[in-house]
Amino acid sequence: MPAAYSEKMTYGSYLALVQALGTQHPLSGPVHHDEMRFIIQHETTEFWLKLVLQELDSARVQLPADDLSAALKRVARTAPTDVNDRDPPGSCPEGQVCDGRFASNPGVKRRR
């Protein structure tokens, strides 16, 4: 039996949640309310990008093996998921924030 499985495995131990959830260290003092949100959102983006790179690397391996179907499946898995877009399109009034996203007119450029 591999050493990793020698102890009772839990959801938290498998995902190393204690370590992962202990990496957020806000630097503002006093802590700004939105700083933890900023850190977690950006860490989440980094995890997604790591997953995208893994899928693309896997697809790249499939191409020389002439397994186009498997390669395309892996590339398709990198498509964005609309986890923050829980409202049906058009149901959020323009200029309002719904489910964490800002509704805007697609024909209007957003200020940066």
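The values are calculated or read from the model by the stated rules, or taken from the named source; none is laboratory data. Just so you know, these numbers come straight off a predicted model, no measurement behind them. All Cβ positions, even for glycine, are placed from backbone atoms using ideal geometry, and neighbour counts span all protein chains on display.
Of the residues Ser58, Ser69, Ser91, which is exposed (fewer than 11 other Cβ atoms within 10 Å of the Cβ) and at pLDDT 65 or above?
Ser69
So which residues in region 23-49 are surrounded by 12 or more Cβ atoms within 10 Å (Cβ to Cβ) and part of a loop (DSSP other than H, G, I, E, B)?
Correct list: Gln24, Pro26, His32.
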